[in-house]
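Presented below is the structure to which this report refers.
What follows draws every value from the coordinates through simple rules; no lab data is involved. All values derive from a computational prediction rather than experimental measurement. Glycine also receives a Cβ, built like all others from the backbone with ideal geometry; neighbour counts cover every protein chain displayed.
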């Protein structure tokens, strides 16, 4: 029961829970960033390649 752990124990439990929630959020953000960065790099590379293809097509016309 709550009375058996006391108020200090309850406060400590809340702090520990908040730390774990914060760590979970940081882990999710890190994973999301690792997934998003290569995608953005690939989009930029595709855009550059499209520009080069257009330039080459214009040179041949």
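Here are the numbers for the structure shown:
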{"read-out": "Degrees, to the nearest 10: 2-60 long Cα axis against longest axis of the chain", "value": "0 degrees"}
{"read-out": "Per-residue [θ]222 nm for the chain (sum of -39500 (n - 2.57) over DSSP H runs n ≥ 4, rounded to 500)", "value": "-36500 deg cm²/dmol"}
{"read-out": "Simple spin-label estimate for residue 31 and residue 58 in nanometres, 7 Å along Cα-Cβ", "value": "4.4 nm"}
